[in-house]
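The values are calculated or read from the model by the stated rules, or taken from the named source; none is laboratory data. Note that the coordinates shown come from a computational prediction; the quantities given were computed from them, not determined experimentally. As a convention, Cβ positions derive from the backbone with ideal geometry for all residues, glycine included, and neighbour counts pool all protein chains shown.
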């Protein structure tokens, strides 16, 4: 599903009549099956951009379109995953995973789909556990499985692995790439970590400045799975870092 972000800006109204422009003249495209990483320093407006694409915030100017249809609000075809796990505490792992589908009345292959995701996400044996019985890493896996359960056309992720330890973060990155390669959905992934951006994305949209705007868009042609020790990985990392530094001067 093609995503077009065209000349968008977002301004918030503040007390005493003040206004704060967070995003200004941001434009990029994501083709069907793209893994687009939005990279920038903390607080630059990445999450605001993601919420605009999700339809959770109104635009101040510009347009965001999916298959030439203007986004005016949330839609089941766009799933979003936040930094902190957000599970319903009274539901089990399995019940949380299928909750959205049941709410929308989607029952086709529900059990089979849930079993597949449970296995891929390393949740087998935890189907009947409640959120308080899970580690943070396990809880985030449940959230990811729930986001993928409804066959989203576009998956939106807001720094979903930043609070995890290195082992869990690496494992979830690998699982996400594996499932993305199988399902061929479009991903918009927000991060402030350059290595994570290169590990995951086939396109990196670098944001910066105040108001925030696009500094540069990098097309990443490295093969998956990627290795941070490869010279080509290091070269791209240095190029992106240099671009970020020059933009902040």
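Observations
- Candidates in the range 1-58 are the residues that are in contact with a helix residue (DSSP H, G or I) (Cβ under 6 Å, 6 or more places away or on another chain) and assigned to a loop (DSSP other than H, G, I, E, B); of these, the one that is surrounded by the fewest Cβ atoms within 10 Å (Cβ to Cβ) is 57.
- Just so you know, in the range 151-163 the residues that are in contact with a helix residue (DSSP H, G or I) (Cβ under 7 Å, 6 or more places away or on another chain) and crowded, with 18+ Cβ neighbours inside 10 Å include one that is nearest to residue 55 (Cα to Cα), and it is 156.
- Test: residue 170 is modelled with pLDDT of 90 or more, part of a helix (DSSP H, G or I), farther than 20 Å from residue 86 by Cβ and more than 13 Å from the chain's Cα centre (by Cα): yes
- Selection from the range 88-114 of residues that are under 20 Å from residue 130 (Cα atoms) and in a loop (DSSP other than H, G, I, E, B): 88, 89, 90, 91, 92
- Some residue of the range 204-223 being part of a helix (DSSP H, G or I) and at pLDDT 90 or above: no
- Residues in the range 209-229 that are more than 20 Å from residue 43 (Cβ to Cβ) and surrounded by 13 or more Cβ atoms within 10 Å (Cβ to Cβ): 217, 218, 220, 222, 224, 226.
- Of all residues in the range 123-146, those being within 22 Å of the chain's Cα centre (by Cα), surrounded by fewer than 18 Cβ atoms within 10 Å (Cβ to Cβ) and outside any loop (DSSP other than H, G, I, E, B) number 1.
- The one condition in (1) touching a residue at least 12 places away in the same chain (Cβ under 8 Å); (2) closer than 26 Å to residue 104 by Cα; (3) not in a loop (DSSP other than H, G, I, E, B) that residue 182 fails to fulfil: (1)
- Number of the exception - residue 120 against (1) modelled with pLDDT of 90 or more; (2) crowded, with 16+ Cβ neighbours inside 10 Å; (3) out of contact with any strand residue (DSSP E or B) (no Cβ under 6 Å at 6 or more places or on another chain): (1)
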